[in-house]
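For reference, the structure discussed in these notes is given below.
The values are calculated or read from the model by the stated rules, or taken from the named source; none is laboratory data. Note that the structure is a prediction, hence the values are computed from the model and not measured. Here the Cβ positions follow ideal geometry from the backbone for every residue, glycine too, while neighbour counts run over all protein chains shown.
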Amino acid sequence: MSDTRPNLLFIMADDHASHAISAYGSQINRTPNLHRIASAGMRFDSVFCT
């Protein structure tokens, strides 16, 4: 087993539409830091909550 732990960043917004950030194609709102994180890491395109 590896001695290093993975880097994990979980961002959860209560009321944040996916079309409001540039990582999901927004041309109105510029979110360069979130775009960089989404480009270099993992992005969930279909998430459901019940």
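Confirm whether residue 21 is surrounded by 10 or more Cβ atoms within 10 Å (Cβ to Cβ), at pLDDT 80 or above, touching a Ser or Thr at 6+ places or on another chain (Cβ under 7 Å) and of a type in the set (Val, Ile, Thr).
Numbers: surrounded by 10 or more Cβ atoms within 10 Å (Cβ to Cβ): yes; at pLDDT 80 or above: yes; touching a Ser or Thr at 6+ places or on another chain (Cβ under 7 Å): yes; of a type in the set (Val, Ile, Thr): yes.
So residue 21 passes the test.
Among the listed residues 11, 37, which satisfies the condition of being of a type in the set (Val, Ile, Thr) and either assigned to a helix (DSSP H, G or I) or surrounded by 10 or more Cβ atoms within 10 Å (Cβ to Cβ) (or both)?
Just one listed residue meets the conditions, 37.
Tell me which residues, restricted to the stretch 24-34, are touching a helix residue (DSSP H, G or I) at 6+ places or on another chain (Cβ under 8 Å), assigned to a helix (DSSP H, G or I) and at pLDDT 85 or above.
32
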